[in-house]
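Enquirer: Next up is a structure, given as structure tokens.
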Amino acid sequence: MSKSIRLGTVMLGVALCIGFAAAPAKAQSQEKQQHVVTSDELSQQVARPGETRQANEDAVRHLLSSDEGQQALKSANVDYQRVDKAIAQLSDEELARLADRSRKAESDFAAGLISAKTLAYIILATVVIVVIIVLV
């Protein structure tokens, strides 16, 4: 074989090796670009836990501030303001569970599935749970 053919073959081999080596790097850079999160998306993700916690606090407070809730608190000689402060001290998980119970109790009461007396018991149970969690 002549030197020019060998040189051409070697150069072709080197070019193919470089091409094959660059292909995975290019694929990785494209993959990295697909995982970029915009600042708006990041801001929304950061704000979600705070919004969720606020919605949960509002659900529990709404139940306790209702007419039935106020009557239940009054009958147990419990000050709403103290319970309200205790709600803020609950962990996110505890608050989420109480909010779910509060929402369910209110919807059951509105649908006529439970009586006012049962709702009052649920409210008192909620208050007791809040106080126990905060004190322990």
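Enquirer: The stretch 34-68 to the stretch 114-136: how many Å between their Cα centroids?
Expert: The stretch 34-68 and the stretch 114-136 have Cα centres spaced 24 Å from each other.
Enquirer: Suppose we look only past 18 Å in the calculated P(r) of the stretch 90-136. What percent of the Cα-Cα pairs does that tail hold?
Expert: Working: 338 of 1081 pairs.
In whole percent, the long-distance tail amounts to 31.
Enquirer: If you don't mind, there's one more thing I want to ask. Taking all pairs of distinct Cα atoms, average 1/r, flip it, and tell me the Kirkwood hydrodynamic radius of the stretch 49-135 in Å to one decimal place. Write out the running numbers ahead of the final one.
Expert: On the way: mean 1/r = 0.0785 Å⁻¹.
Taking the inverse mean of 1/r over all distinct Cα pairs, the stretch 49-135 comes out at 12.7 Å.
Enquirer: For Ile114, list long-range residues whose amide hydrogen, built 1.01 Å from N in the peptide plane, is under 5 Å from its own amide hydrogen.
Expert: Phe109
Just so you know, all these numbers are worked out from the coordinates, no wet-lab data involved. Quantities reported herein were computed from a predicted structural model and do not represent experimental measurements.
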